[in-house]
Amino acid sequence: MTRATHHKPPLVSIIISVYNGAATINQALSSITSQTFTDYEIILINDHSTDKTSHILTHWQSLAPNHVLKIITNSQNLGLTKSLNKGIRLARGKYIARLDADDWWHPEKLAKQVKFITTHPEYGVIGSYYMDIQGQRHRLQRLPVTDQTIKLTLFRHNPFAHSCVLINKQLLYQVNCYDESVYYGQDCDLWFRLLPYTKFYNLPKILCYRETSQGISNTNSRPQMWQGIKTRLKFLRRYQTSLFEYFYILEPIIVIFTPRWLKLIYRRLRTTRARPSSHTSSPKQNIAFLNDRFLPNPFAESVARLAMAKALAKYTHHNHLLFVFLSLKPNPPSLTSSPAITEYPITGPYLSSDHLTARAWNQTVFSLNTIRLAFTPLPSHYQIIYARCGIISSTLLAIRNYFRNSDLIFEVHNFVFGKQPLFYDALYRFIFNHSTRLVTISNFTRSNWLAAGIPDRKIIVTPSAVNTTAFHHISDDKMSLRQQLGLPLHQPLLVYTGHLYRDRDVESIISAATLIKHHPSKPHFIIVGGLPTDAAYYQRQLNQTKLNNISLLGHHPISSIPKYLKAADIILVTYSRHCRTVNTMSPMKLFEAFAAHRPIIAANLPRIRSIVTNSAVFFYTPDNANSLYQTILQILSDPNEANQRANLAFQLSHQYTWDKRVSTIMSAPTTIHD
């Protein structure tokens, strides 16, 4: 037992009421003495126990002085509510912590809550997540976190676990403590009465463990539910809430009349076998990586998803990765060729015709396959599910994980609240609430999610990355690369790689080529990439202008892109300021340009400037051909400065590898195990 060295009032008074708790009281008290925070007193009310509780408490009293552990024995059984009030009146601490005799705490419970409540005095009741334990089966209980969501939830469900809370004692006196006319659910009644006077908060950490197989909440569930219905009806009327909130009264009524055997089946489905908890994902765990996109495809996301699969496999220390994706082919060739990765392509009878009926059929098959993907058979040894999916698959995964309780990570790039129909916002809020971690690529997205009430500690911001090894085996000899690729040998080459969407500012490249065509060095522009329709659009422009210093090469295999970049004298990373992802982008082509070790001209956009400064690249004003032209002239006239910046950009490339990106994501604390 930790002994206080002084007799001044402690900061925290811990109130325990016990009735016939001989089987569990030792564990509860041991969890208190294991706290890293020690400025507390324990006030323990023995509510006229008839088992061996009194003998156990006598032993504990011998270990601690009276000012640390006070044991009060009731001459008759008063019940929990009156016993708690008795303890509160004896408490000397500024804050009251509650602990039931059959529950126990994480060693950091008091330390974390005291730190929060002392730095945020406007919050008077602080709770936390908890683990619901029924024999060998555990269920994580994620409670609403913010004051707004707690107060909304209060009219529907109890937003706090009684043993998890830390309360400012002055608030208890302000509402005359617990209502002694309420025998069950006295905690929920108290939250309703405190609602106008303070702010509420739940720390999104597991700080409490509740044994519910024998507690009041389980053994007297029916009387407690009737009392809960009465309490909610009373306060629904008092606070004049909307009629909609009254519908939530139906839930406990349905539960009351549900047969006990059906409840047991439901509880079993909602709980999982106990497994060791950790603060971060263990490298020895198996990972399921789910993607609801066709792979491979001609888009940059195909490169990113395949690179993430390989990096995740490395992170598991070659334990195992299940890589699930959609495929147009019935038996596609291996995409990764890694023994640590099991590829699980999901395909269907897609039609190759472009007829309207065929397109409708293909869309139906695709929708069914996204559902199949969300319900991919996942053995229990896949402890982590990493999903890069759209709204349908993600919603189904969140629902599925409600019963599975895995470490569920969603990566979402371009979704922001308030820009889509309310239905989308509601679904994404559900998805985010049922995840353990959320990965995105921009702080703009993070700020939007925070404003929508998504907990900051769930969000991981990490930009895209580059496979630097793809550049290591390519010669630095520009002449030999140009000969291989059939490019001009003795002219400065300016290379753009990527899609040719209208928001990629290709018009500025074409206009800059017109402005510079009479330069003595005869610079030549190489444009690699683009879908056939986009390439045809710009080819028509080139035919009209009759430019001969620009070559539009069309789509090339992704594996050839590093060669084109290393054959360049200048790499162009152009975007229009009207790009639809201007606030959320993290362009892979920028990181590839870093790794190519060549001077870079990049669009002067906030998202790009958040990644790199003008010490490593040259910026031009988007949608301004003259600015691009002048920046090209600057590089051609000062090759030394251009090479210095290229060297700095090359050094940056080593910070943005896929392996480091995965390590950042997987080593971040989770909301389950922290």
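The values are calculated or read from the model by the stated rules, or taken from the named source; none is laboratory data. Keep in mind it's a predicted model, so treat the numbers as computed, not measured. All Cβ positions, glycine included, derive from the backbone under ideal geometry; neighbour counts span all protein chains shown. The area values use the complete protein model at the heavy-atom level, side chains included, leaving out ligands, DNA and RNA. Shrake-Rupley method; radii C 1.70, N 1.55, O 1.52, S 1.80 Å.
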ask   = Is at least one residue of the range 565-575 closer than 24 Å to F415 by Cα, open to solvent by 10 Å² or more (accessible area, probe 1.4 Å) and not in a helix (DSSP H, G or I)?
value = yes
message = Among the residues in the range 628-641, are any open to solvent by 70 Å² or more (accessible area, probe 1.4 Å) and either closer than 18 Å to I441 by Cβ or outside any helix (DSSP H, G or I) (or both)?
response = no
request  = Tally the residues that are part of a loop (DSSP other than H, G, I, E, B) and either farther than 29 Å from N583 by Cα or not aliphatic (A, V, I, L, M) (or both), restricting the search to the range 458-477.
outcome  = 10
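When the range 163-184 is examined, which residues are found to be part of a helix (DSSP H, G or I) and either open to solvent by 10 Å² or more (accessible area, probe 1.4 Å) or within 19 Å of H120 (Cβ to Cβ) (or both)?
Those that are part of a helix (DSSP H, G or I) and either open to solvent by 10 Å² or more (accessible area, probe 1.4 Å) or within 19 Å of H120 (Cβ to Cβ) (or both): C164, K169, Q170, L171, L172, Y173, Q174.
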task = Would you point out which residue out of R193, R156, R139 is within 22 Å of Y402 (Cβ to Cβ) and outside any loop (DSSP other than H, G, I, E, B)?
result = R139
query = So how many residues does the range 329-370 have that are of a type outside the set (F, W, Y), surrounded by 11 or more Cβ atoms within 10 Å (Cβ to Cβ) and under 27 Å from S559 (Cα atoms)?
reply = 11
N369 vs. criteria in a helix (DSSP H, G or I) and of a type outside the set (G, A, S) = yes
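Quickly run through the range 590-623 and pick out the residues that are of a type outside the set (A, V, I, L, M) and open to solvent by less than 30 Å² (accessible area, probe 1.4 Å).
First, the residues of the range 590-623 that are of a type outside the set (A, V, I, L, M): 591-592, 594, 597-599, 604, 606-607, 609-610, 613-615, 618-623.
Within the range 590-623, F591, F594, R598, P599, R607, F618, Y620, P622 meet the criteria.
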ask   = Inside the range 580-622, can you point out the residues that are in a loop (DSSP other than H, G, I, E, B), over 24 Å from the mean Cα position of the chain (by Cα) and of a type in the set (V, I, T)?
value = V612, T613, V617, T621
remark   = Taking the range 278-292 and keeping only residues that are at pLDDT 90 or above and either of a type outside the set (A, V, I, L, M) or in a loop (DSSP other than H, G, I, E, B) (or both), one is left with F289, N291, D292
query = Of all residues in the range 429-451 being of a type in the set (A, V, I, L, M) and within 14 Å of the chain's Cα centre (by Cα), which is most open to solvent (accessible area, probe 1.4 Å)?
reply = L450
Those residues of the range 384-428 which are charged (D, E, K, R), outside any helix (DSSP H, G or I) and surrounded by fewer than 17 Cβ atoms within 10 Å (Cβ to Cβ), in sequence order = K419
query = Taking H55, is it within 21 Å of V182 (Cα to Cα) and over 43 Å from the mean Cα position of the chain (by Cα)?
reply = no
key: Count - residues of the range 511-537 that are in a helix (DSSP H, G or I) and under 19 Å from P622 (Cβ atoms)   = 7
message = Please verify whether R457 is within 23 Å of F415 (Cα to Cα) and either surrounded by 21 or more Cβ atoms within 10 Å (Cβ to Cβ) or out of contact with any Ser or Thr (no Cβ under 6 Å at 6 or more places or on another chain) (or both), treating the condition exactly as stated.
response = yes
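Results for (1) touching a strand residue (DSSP E or B) at 6+ places or on another chain (Cβ under 8 Å); (2) open to solvent by 20 Å² or more (accessible area, probe 1.4 Å), shown as yes or no for each residue.
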position: L11; (1), (2): yes, yes
position: I25; (1), (2): yes, no
position: S31; (1), (2): yes, no
position: N46; (1), (2): yes, no
position: H59; (1), (2): no, yes
position: H67; (1), (2): yes, yes
remark   = Among residues of the range 511-535 being more than 41 Å from the chain's Cα centre (by Cα), closer than 23 Å to I561 by Cα and without any contact (Cβ under 8 Å) to a residue 60 or more places away in the chain, the residue surrounded by the fewest Cβ atoms within 10 Å (Cβ to Cβ) is H524
task = Go through (1) part of a strand (DSSP E or B); (2) in contact (Cβ under 8 Å) with a residue 40 or more places away in the chain; (3) over 39 Å from the mean Cα position of the chain (by Cα) and name the single condition S13 misses.
result = (3)
query = Going by the conditions given, is P379 free of Cβ contacts under 8 Å to residues at least 24 places away in the same chain and out of contact with any strand residue (DSSP E or B) (no Cβ under 9 Å at 6 or more places or on another chain)?
reply = no
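Can you find even one residue in the range 354-374 that is of a type outside the set (A, V, I, L, M), within 19 Å of the chain's Cα centre (by Cα) and within 27 Å of A304 (Cβ to Cβ)? Give the steps one after another, and end with the answer.
Step one: filter the range 354-374 for residues of a type outside the set (A, V, I, L, M), giving 354-355, 357, 359, 361-364, 366-367, 369-370, 372.
Still in the running and within 19 Å of the chain's Cα centre (by Cα): none.
For the range 354-374, residues of a type outside the set (A, V, I, L, M), within 19 Å of the chain's Cα centre (by Cα) and within 27 Å of A304 (Cβ to Cβ): absent.
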ask   = Quick one: would you say Q644 is open to solvent by 70 Å² or more (accessible area, probe 1.4 Å) and not in a helix (DSSP H, G or I)?
value = no
note = Every listed condition ((1) modelled with pLDDT of 85 or more; (2) in a helix (DSSP H, G or I); (3) not aromatic (F, W, Y)) holds for L269 save (1)
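So for the range 94-105 (the condition being free of Cβ contacts under 8 Å to residues at least 60 places away in the same chain, open to solvent by 40 Å² or more (accessible area, probe 1.4 Å) and within 18 Å of K169 (Cα to Cα)), does at least one residue qualify?
In the first step, residues of the range 94-105 are kept if they are free of Cβ contacts under 8 Å to residues at least 60 places away in the same chain; the result is none.
No, the range 94-105 contains no residue that is free of Cβ contacts under 8 Å to residues at least 60 places away in the same chain, open to solvent by 40 Å² or more (accessible area, probe 1.4 Å) and within 18 Å of K169 (Cα to Cα).
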